[in-house]
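What follows is one structure encoded as structure tokens, with my remarks underneath.
The values are calculated or read from the model by the stated rules, or taken from the named source; none is laboratory data. Please read all numbers here as calculations on a predicted model, not as lab measurements. In this analysis, Cβ positions are derived from the backbone assuming ideal geometry, glycine residues included, and neighbour counts consider all displayed protein chains.
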Amino acid sequence: MSHYIPENLPSKIQHFIDGQFVDSIGGETFDVLDPVSNESYVQAAAGQKADIELAVAAAQRAFKTGPWPRMLPRQRSRVLHKIADLIEARDQRLAELETFDTGLPITQALGQANRAAENFRFFADLIVAQRDDTYKVPGRQVNYVNRKPIGVAGLITPWNTPFMLESWKLAPALATGNTVVLKPAEFTPLSASLWAEIFREAGVPDGVFNLVNGLGEEAGDALVKHPDVPLISFTGESRTGQIIFGNAAPFLKGLSMELGGKSPAVVFADADIEAALDATVFGVFSLNGERCTAGSRILVERPIYDDFVARYAERAKNIVVGDPHDPKTEVGALVHPEHYDKVMSYVEIGKTEARLVAGGGRPEGLETGNYVSPTVFADVAPDARIFQEEIFGPVVAITPFDTDEEALELANNTRYGLAAYIWTNNLKRAHNFSQSVEAGMVWLNSNNVRDLRTPFGGVKASGLGHEGGYRSIDFYTDQQAVHITLNEAHSPRFGTAK
Ligand code: NAD
């Protein structure tokens, strides 16, 4: 198979600290592979504790003495809109690099690039519309909220949609006047370097945005344990979230955690089945199945179960798997051979646990690269590992149910609680089910279409805290209550008894 390589790839990937591209102080590097050839195409600087210390010191200087936290919201908003313009102007290049580095289909990478721009525009608008509370206690007090940026925010991100997920944290952190150190995922560091150029061109002062590449256990760990980083916003696996939670505990840091998922899509017999098929196929196979909110467990009401499974399997078999750069491709190559092995091991486990109705291995004609056929298992028991564990690839488990109660029990029967998708035309059932399902986000008769104002986050093992809209503003700011006495303060007079 021909192997597309974008032009003008960087000869190395560096950190960006205090307005300069730099190598690691000790010169450490790691290999970055592309998921089609699985060959190393570039070396990236591997940040160590000392590199994190430099980046945090720069961010702290920019926070304490630089203009960024002190600018009027309108001024910062203008810069943020400029960033969005620059992202939009470079969307093709961004998508090309992202596809090369992650294996995501090019059409989907392009969508993610535009979503990244939208994140900046959204927070640019939100901070100029931001208002805070004032409370009057007649004749006695006025109280108001003095909202302040917190300081240096540590941002740690995964590899599944790297640039977009970075934007999700960068936009609100910067909009609110913080300075940041970003540690992107080591599988996919390529697109993150573009931030440095975009921010510089948009007028973000040096030291406000710092980027340290490297491994989670080295650079990520040092960022989490740095005493001058009061906030950590993390997106990644639940297991990593637990480690970070523990490591941040001695410092009592502010934490936002967007973690894993095993979200149910529940299809009742009265649903629009064609629409449910479209959405549930897209819901697990888009972004190569490497999607936190994937509807990777489909629960189907018994009367339509056999028909649904047959039609679903047919669709899955027809999905176009191939070169991520080809616009016709619907599922590309998984990000990395380690992840490929993990997904393939679940495919093998699934064969021992359930009935395979589509896929089940490497697609024909794609002998190299991290390609997995869209794989569908039916009759999956709730205690099966493929029902319980996050696979994070193009693999879906389908299970029948007979009653609403059973459907709810099955839907809630995992440690995760990120999203749920409900398909029914019964109004009461739709609302009752949605309100009872243990999920941070519910979509009724829809795939994952999210307005940026709504809260994003999971319950149970899927996360801690919510981001999205003003909730992100709350996470990245302190809300200091200032109490003003308008009259005499009647303090009890201690120490006057004698
Ligand atoms: P991961 O947890 O392996 O890595 C995420 C980031 O954490 C990487 O940058 C990594 O280097 C860093 N890291 C690893 N160990 C660390 C440590 N000890 N200290 C500090 N940082 C450390 O996750 P991944 O494999 O990159 O991403 C896939 C996971 O992300 C899936 O579980 C998926 O569901 C989840 N995810 C969740 C959301 C959401 O919004 N809930 C969105 C996208 C992905």
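Values as computed for the structure displayed
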read-out	value
Odd one out for I244, checked against (1) in a helix (DSSP H, G or I); (2) within 30 Å of N8 (Cα to Cα)	(2)
Meets criteria (assigned to a helix (DSSP H, G or I) and either touching a helix residue (DSSP H, G or I) at 6+ places or on another chain (Cβ under 6 Å) or surrounded by fewer than 20 Cβ atoms within 10 Å (Cβ to Cβ) (or both)) for E367	no
Candidates E405, E389, filtered to the one that is in the same structural domain as L287 (by TED's automatic domain parsing) and free of Cβ contacts under 8 Å to residues at least 12 places away in the same chain	E405
Condition check for V372: without any contact (Cβ under 8 Å) to a residue 12 or more places away in the chain, outside the structural domain of L231 (by TED's automatic domain parsing), in contact with a Phe, Trp or Tyr (Cβ under 8 Å, 6 or more places away or on another chain) and not in a strand (DSSP E or B)	no
Strands (runs of 3 or more DSSP E) (entirely within the stretch 94-166) containing at least 1 residues that are crowded, with 24+ Cβ neighbours inside 10 Å and in contact with a Lys or Arg (Cβ under 9 Å, 6 or more places away or on another chain)	152-156
Qualifying residue in the stretch 297-309 (condition: within 30 Å of R415 (Cβ to Cβ), part of a helix (DSSP H, G or I) and within 16 Å of the ligand (Cβ to nearest atom))	no
Neighbours by Cβ (under 8 Å, 6+ apart or cross-chain): first from the stretch 235-258, without any contact (Cβ under 8 Å) to a residue 40 or more places away in the chain and at negative phi; second near the ligand (Cβ under 9 Å from one of its atoms) and part of a helix (DSSP H, G or I)	T240/G216; N247/D221; N247/V224; A248/V224; K253/V224
Where L223 falls short, out of the listed (1) assigned to a loop (DSSP other than H, G, I, E, B); (2) touching a strand residue (DSSP E or B) at 6+ places or on another chain (Cβ under 8 Å); (3) within 15 Å of the ligand (Cβ to nearest atom)	(1)
One residue from I198, I243 being outside the structural domain of F285 (by TED's automatic domain parsing) and within 16 Å of the ligand (Cβ to nearest atom)	I243
Check on A378, in contact with an Asp or Glu (Cβ under 7 Å, 6 or more places away or on another chain), more than 29 Å from P6 (Cα to Cα) and in the same structural domain as L277 (by TED's automatic domain parsing)	no
Failed condition for Q435, given (1) in contact with a strand residue (DSSP E or B) (Cβ under 6 Å, 6 or more places away or on another chain); (2) outside the structural domain of A171 (by TED's automatic domain parsing); (3) of a type outside the set (D, E)	(1)
Residue among E218, E258, E274, E237 that is within 11 Å of the ligand (Cβ to nearest atom) and surrounded by fewer than 19 Cβ atoms within 10 Å (Cβ to Cβ)	E237
L194 vs. criteria hydrophobic (A, V, I, L, M, F, W, C), within 22 Å of the chain's Cα centre (by Cα), closer than 19 Å to M164 by Cα and assigned to a loop (DSSP other than H, G, I, E, B)	no
Any hit, the stretch 394-405, residues being under 30 Å from P172 (Cβ atoms), at pLDDT 95 or above and outside any helix (DSSP H, G or I)	no
